[in-house]
1. Residues in the range 119-132: is at least one open to solvent by 70 Å² or more (accessible area, probe 1.4 Å) and either at pLDDT 95 or above or in contact with a Phe, Trp or Tyr (Cβ under 6 Å, 6 or more places away or on another chain) (or both)?
2. Given the conditions (1) open to solvent by 30 Å² or more (accessible area, probe 1.4 Å); (2) in contact with a Phe, Trp or Tyr (Cβ under 8 Å, 6 or more places away or on another chain); (3) not aromatic (Phe, Trp, Tyr), report the number of the one that Arg80 does not fulfil.
3. Of everything in the range 83-93, what is open to solvent by less than 30 Å² (accessible area, probe 1.4 Å) and among the aliphatic types (A, V, I, L, M)? Give them in sequence order.
Amino acid sequence: MTTTEIKYPSNGDKKRQGNLNESEMSTPQELSVREEVDTELIIIENLPMSSTRGSVLSGGGKRALQAARMFKPKNPSFIRVIPAYSLKRNVMYVCPEFAKKYARGKKNVKLQASSGKWWPCQFCFKNGTTSPKTIGKGWKPFARDDGIKEGDVCVFELINRMEVVLKVSIFRVTEFA
């Protein structure tokens, strides 16, 4: 396991509801440890940088990430802070550990919005591997149609293992500013 991937145990709690206040916010050091998790959750710790704004986790981005971490999906999932390059190109990196465990050898993936609408996408593989590295074809239309912006935090939850359907919960940086 690398420093960018953490595997957390399950404890069976229900989703936490409500708004965040400053006293509930974690420090950056505390963010790397999570004690309350419903299912396996893989968190990407190497946060992207923006050439124009510095860390994409300034202000509302930190609160959006905290809210995403408090979200408790019922199925295996991973979190991504969306960098600018994912929106400009047709690519979104998949957590390697998640890909090896749940998407090995799969070519197609469906991304499902909270509305229930889904977009067909394709995994892209690095030469000679059976685990996908990115979601390519289909990512850009999904991100555009769902209004995903730089710094938004997405939780990708595996809701169908056979067809590889990922439900995407979006924590918008503008809603936490």
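The values are calculated or read from the model by the stated rules, or taken from the named source; none is laboratory data. The model shown is predicted, which means the values in this text are computed figures rather than measured ones. We place every Cβ from the backbone using ideal geometry, glycine too, and count neighbours over all the protein chains shown. Protein only, heavy atoms only, side chains kept; ligands, DNA and RNA dropped before computing areas. Shrake-Rupley method; radii C 1.70, N 1.55, O 1.52, S 1.80 Å.
1. At the first step, the residues of the range 119-132 found to be open to solvent by 70 Å² or more (accessible area, probe 1.4 Å) are 120, 125-128, 130.
Retained after the next criterion (residues that are either at pLDDT 95 or above or in contact with a Phe, Trp or Tyr (Cβ under 6 Å, 6 or more places away or on another chain) (or both)): 120.
Yes - at least one qualifying residue is present in the range 119-132.
2. All conditions are met except number (1).
3. First, pick out the residues of the range 83-93 that are open to solvent by less than 30 Å² (accessible area, probe 1.4 Å): 83-84, 86, 91-92.
Those that are open to solvent by less than 30 Å² (accessible area, probe 1.4 Å) and among the aliphatic types (A, V, I, L, M): Ala84, Val91, Met92.
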